[in-house]
Amino acid sequence: MGQQTPFYNNHLESGAKIVDFGGWDMPLHYGSQMEEHHIVRQDAGMFDVSHMTVVDVKGEKAKSFLQYLLANDVDKLKQSGKALYSGMLNEEGGVIDDLIVYFIDSSFYRVVVNASTREKDLAWMSKQATSFEVSVEENTEYAMLAVQGPNAIEKAKSVFSAAQQKAVEDIGIFFAADCEGYFIARTGYTGEDGYEILVPAEQASDFWNKLVAAGVKPCGLGARDTLRLEAGMNLYGNEMDESVSPLEANMAWTITWVPEERDFIGKSALVAQKEAGVKTKLVGLLLEGKGVIRSHMKVIIDGIGEGETTSGTMSPTLKKSIGIARVPKSTGDSVMLEIRGKQIPAKVVKPSFVRMGKALV
């Protein structure tokens, strides 16, 4: 038996198929992964993401610490609740993890990191913090629920208190509001609008039941992955890891190069890679023949070389197989995929297939 989130009994009551996910007992689906996917694209679904790790960084040097720790610059965060997406890199420029950091005030930042990288993230952050006057502490007081879909905000608001409704009334995308013990962020991992909500653990089960009564459908890991892939969102361990730099993972936009005097871990390696020229890129693939794209398939680019798929699935929205692949920089608009010993043609597109319910390819 693995670790269980505060929503575990709710999963069982909702008929979840429980699987091991990085040492956690998590719901794969509640009967139909396909239905759950469509619910998020068309209405409102919710995902237990309590296995993610919340880290509170506090102290006079919190800003300076995070400016050194992250490739993106937290100095961009001026308003309480504003969020920033960034890579946390090693000295070679590889991605230790991708994360979201929230600005609470000048001496308090909240960081949410991936579940699969929890131990190494905490160890790395603590190691780097020794040179700064900061505390880096995992916050285990919360459960975390993502409510996503075109009707997610309306339905989530219906179960908030009057004060919470007022607190989130005007928050924009990538902002959060802290009210009555709930930390409500307008972020997500599905390509749809919605909230990621930190709920006091002791209130988690009741909050889940209120959302179910409001018409929000429980959704599992399976739908979460097909949704994020349709949205072209990176998955740690697939599109990036410690051997892959942000420049090779469509994350160049998360690197803040100025002011030049700001140093951050991995900067010198990124500068050298940038000057030498990045040799690969991430692209989207749309399969034009029969089959399903999966990760680690060989991509053949005539006259140029080979690449490899990092993610792939059958898109429930497009009803076509889609994928993401790392290929040589000079790859054009078509490739061949090696699937079960056969070469199947695929169209090269931007790695973003569906957003806000609309097909982009």
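Exceeding 24 Å between C-alpha atoms, which entries from my cross-link table qualify? They are Lys17/Lys347; Lys63/Lys127; Lys155/Lys358; Lys82/Lys166; Lys61/Lys157; Lys61/Lys127. List each step's numbers first, then the result.
On the way: Lys17/Lys347 35 Å; Lys63/Lys127 16 Å; Lys155/Lys358 21 Å; Lys82/Lys166 17 Å; Lys61/Lys157 36 Å; Lys61/Lys127 15 Å.
Where the Cα-Cα span goes over 24 Å, the pairs concerned are Lys17/Lys347; Lys61/Lys157.
Across bins of 10 angstrom width beginning at 0, how are the C-alpha pair distances of segment 1-138 distributed, in whole percent? All Cα pairs considered, the percentages come to 11, 34, 27, 21, 6.
For the pair segment 272-349 / segment 3-57, the C-alpha centres are spaced 30 Å from each other.
Jot down the per residue volume, in cubic angstrom and as a whole number, of the convex hull over the alpha-carbon atoms of segment 134-215. Please list the in-between numbers first.
Numbers: hull volume 9.0 nm³, N = 82.
Residue-normalised Cα hull volume stands at 109 Å³.
Sequence-distant contacts, meaning Cα pairs under 8 Å at least 6 residues apart, place the relative contact order of the chain at 18 percent. Relative contact order of segment 260-361: 29 percent, from C-alpha pairs under 8 Å at least 6 residues apart in sequence.
Legend: ranking of residues Trp124, Trp257 from fewest to most surrounding C-beta atoms inside 10 Å; resulting order Trp257, Trp124. Between Asn90 and Lys358, the C-beta separation translates, for a Förster distance of 41 Å, into a calculated FRET efficiency of about 0.65.
A simple count of charges around Asp97, restricted to other residues whose Cβ falls under 12 Å of its Cβ and scoring Lys, Arg +1 and Asp, Glu -1, yields -3. For segment 162-207, the relative contact order is 25 percent, taking Cα pairs closer than 8 Å that sit 6 or more residues apart in sequence and dividing their mean separation by the residue count. With a Cα-only, solvent-free Debye model of the chain, what are the log10 I(q)/I(0) values at q = 0.08, 0.09, 0.10 Å⁻¹? Taken in order of the listed q values, log10 I(q)/I(0) reads -0.41, -0.52, -0.64. Normalising by residue count, segment 23-102 has a Cα convex hull of 161 Å³ per residue.
Working note: Debye formula, equal point scatterers on the alpha-carbon atoms of segment 243-284, no solvent; log10 I(q)/I(0) at q = 0.34 Å⁻¹ is -1.41. Looking at segment 265-353, the GluC sites (Glu not before Pro) that sit in a DSSP loop and have at most 16 other Cβ atoms within 10 Å of their own Cβ are Glu288. Database remark: amide H of Met297 closer than 5 angstrom to the amide H of Thr309 (H placed geometrically; neighbours at sequence offset of 5 or more, or on other chains; Pro and chain starts carry no H). Amide H contacts for Ala115 (H built 1.01 Å from N in the peptide plane; partners 5 or more residues away or on another chain; cut-off under 5 Å): Thr53. Neighbour counts of other Cβ atoms within 10 Å put Met88, Met52 in the fewest-to-most order Met52, Met88.
The modelled label-to-label distance between Lys329 and Arg294, using points 7 Å beyond Cα along the C-beta direction, is 3.3 nm.
Beta bridges per DSSP, both residues in the chain: antiparallel share near 95 percent. Compactness check for segment 170-227: Cα Rg over 2.2 N^0.38 Å is 1.21.
Translational diffusion coefficient of segment 279-359 (Stokes-Einstein, Kirkwood radius from Cα pairs, 25 °C, 0.890 mPa s): 198 µm²/s. Using θ = phi - 60° in the Karplus curve 6.51 cos²θ - 1.76 cosθ + 1.60, the 3J(HN,Hα) couplings for segment 41-58 round to 6, 10, 9, 7, x, 9, 10, 6, 10, 5, 6, 5, 10, 9, 10, 9, 10, 10 Hz; x is entered for Gly and Pro.
In this simple spin-label approximation, Lys58 and Ala201 carry label points 7 Å from Cα along the Cα→Cβ vector, and these lie 1.7 nm apart.
What FRET efficiency would be calculated for the residue pair Ile304, Ser243, taking the C-beta separation as r and a Förster radius of 22 Å, to the nearest 0.05? Don't skip to the answer; put the middle values down first.
On the way: r = 22 Å, r/R0 = 0.99.
Using R0 = 22 Å, I get an efficiency of 0.50.
In plain terms, the bigger the Kirkwood radius, the slower the diffusion; for segment 89-150, with that radius from Cα pairs, at 37 °C and 0.692 mPa s, Stokes-Einstein puts D at 241 µm²/s. Note that segment 272-288 has calculated 3J(HN,Hα) couplings of 5, 5, 5, 5, 6, x, 6, 8, 10, 8, 9, 10, x, 10, 10, 5, 9 Hz, one per residue in order, obtained from phi through the Karplus relation 6.51 cos²θ - 1.76 cosθ + 1.60 (θ = phi - 60°); glycine and proline are x.
FYI, it's all coordinate maths here, none of it is from the lab. Every value quoted in this text rests on a predicted model; they were computed, and no experiment measured them. Please note: Cβ atoms are built from the backbone with ideal geometry, for glycine as well, and neighbour counts cover all protein chains shown.
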